[in-house]
1. Give, as a single signed number, the net charge of other residues whose beta carbon lies under 13 Å from the beta carbon of D255, with Lys and Arg counted +1 and Asp and Glu -1.
2. Give me the net charge of I336's neighbourhood, meaning all other residues with Cβ under 11 Å from the Cβ of I336; Lys, Arg count +1, Asp, Glu -1.
3. For the stretch 317-356, report the accessible area per residue in Å² (1.4 Å probe, heavy atoms, rounded to an integer).
4. Give the accessible area for T85 in Å² (nearest 10); use a 1.4 Å probe, count only protein heavy atoms, and leave out ligands, DNA and RNA.
5. For E84, E48, give me the order by solvent-accessible area with a 1.4 Å probe, most accessible first, ignoring ligands, DNA and RNA.
6. Evaluate the distance, in nm, between pseudo-label points positioned 7 Å from the Cα of T41 and of Y193 along their respective Cα→Cβ axes.
7. Which entries of K367/K387; K6/K387; K314/K387; K216/K270; K6/K367 show an alpha-carbon separation above 21 angstrom in the structure shown?
8. Report the FRET efficiency, 1/(1 + (r/R0)^6), for E90 and S183, where r is their Cβ-Cβ distance and R0 is 60 Å, rounded to 0.05.
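The values are calculated or read from the model by the stated rules, or taken from the named source; none is laboratory data. Since we're looking at a predicted model, the values are computed, not measured. Glycine also receives a Cβ, built like all others from the backbone with ideal geometry; neighbour counts cover every protein chain displayed. Ligands, DNA and RNA are excluded from the accessible area calculation, which covers all protein heavy atoms including side chains. Shrake-Rupley method; radii C 1.70, N 1.55, O 1.52, S 1.80 Å.
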Amino acid sequence: MATVSKVLDINPANNSGSYEGRNTGFDDYLLGGLAPNQPVTVTAVSNEFDTVVQVFRADAVGNVTGNPIAFNDDKAIGSNLNSETVFTPEVGANYIVRVSSINILAGTYDVSAFQQNGQSVALNYVTPGFEAGGDSPLVAVSTPQPLGAEPVEPNAFDPFSVLLGEGGTAFSLSDGSDSLTLSNFPDAASASYIFAWNGDDNVLGTARIENINGNKGNDTIDGGAGGDIVRGGKDSDNLFGNSDSDVLNGNNGNDTVDGGAESDIVRGGKENDLLIGGDGDDLLIGDYGQDSLIGGAGRDMFVFRTDGNNASLKHTSANVSQVDIIRDFVIGEDTIGLTGLAFSNLSLEALQLSVNGGAPVPATAIKINSTGEYLGVVENITPDLLKNPTSFDSSISSNPSYLQS
């Protein structure tokens with residue numbers, strides 16, 4: 001038997017079927033692991049308020065459809081703080097259990113569900129504090145714009161290779177502004193690292209796997225074919241993964257980082273960056289600053305970080321206009337990666353989002369319950385669409401190498 005203990009949410013229960021119109025809180029749970037045609041018993045118990053339990057049919061992402069198919073206010077005469085109801089699930093159907101109160105806004109309760117055949121039933125919380133009804137606040141933001149890419153034109157300089165302590169070699173560009181295609185330099189083909197150093201450099205990679213670091217200057221680096229590692233370094237850079245699966249990191253500055261084809265790891269680093277996954281199943285990590293995240297085609301994960309916060313560098317903000325924005329989230333396909341948090345630690349708030357002076361569109365702000373700070377914003381997605389826990393994934397915390405790439 002699954003049991004959840006919780007404080008009743010503050011959402012007004014204004015769509016609760018036979019108890020419509022009450023100014024009380026409610027919580028919704030999407031039932032999982034149901035065996036069809038086996039009766040399910042749902043119980044809500046509280047010492048603080050008079051519970052009401054209802055069962056609704058639901059769509060695949062946890063939205064209530066229609067009126068209750070089962071409900072109860074008092075489990076038994078004289079036991080009017082507890083509620084219990086029984087229903088029989090149909091084949092292929094989804095169900096929501098709604099816990100609310102008959103008379104007060106909130107309080108602590110336990111809800112449980114079990115099937116008479118002993119089958120375990122999961123209670124997946126799907127109403128994380130979004131605003132129900134009323135006007136959503138308007139938030140206006142300016143997102144990073146793509147940097148203009150410079151053409152690759154050869155320049156006269158004498159690159160050289162140096163031997164590294166580990167036995168590898170580094171292909172070194174000049175200390176000025178260089179523009180070159182690495183395939184024109186045989187020494188670059190065997191180098192472990194490519195260093196661009198100072199200046200505004202323009203580098204086009206080859207079909208082999210390369211590790212390129214732009215260092216200082218406003219650099220444009222295209223890794224070309226091959227699974228490359230490309231870092232922008234300081235200042236504002238244009239990074240392109242091109243084909244194959246690449247790892248790209250803007251580092252400092254306001255960068256444009258584009259993974260291109262295949263499944264890439266795309267990171268912004270510090271400041272305000274534009275991240276583009278491109279084709280493939282990409283991992284996009286905005287890091288610090290207010291970043292714009294576009295996954296493109298494929299099943300992408302957008303990571304909102306909370307690890308590494310300090311007084312001068314933070315991933316979160318009390319100002320919703322200063323956090324990362326996911327521009328093209330697809331329900332049922334993309335996921336939001338969490339570090340150090342679970343879905344139950346979050347609340348969802350509805351807002352109207354105006355990006356770069358454009359017309360307002362619906363959006364969802366994700367807030368951390370314990371701090372009241374915002375984690376990120378999802379454009380063109382309302383809270384009722386995002387409230388399913390399957391849209392969130394905390395497994396990124398167990399893969400710290402992704403956060404250190």
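1. Details: positive: R231, K234, R267, K270; negative: D219, D235, D237, D258, E271, D273, D287, D291.
Local net charge: -4.
2. Within the 11 Å Cβ shell, the charges total -4.
3. 33
4. 10
5. Details: E84 65, E48 110 Å².
I get E48, E84, largest accessible area first.
6. Those two pseudo-labels are separated by 6.6 nm.
7. Distance filter (> 21 Å) returns K314/K387.
8. The computed FRET efficiency comes out at 0.45.
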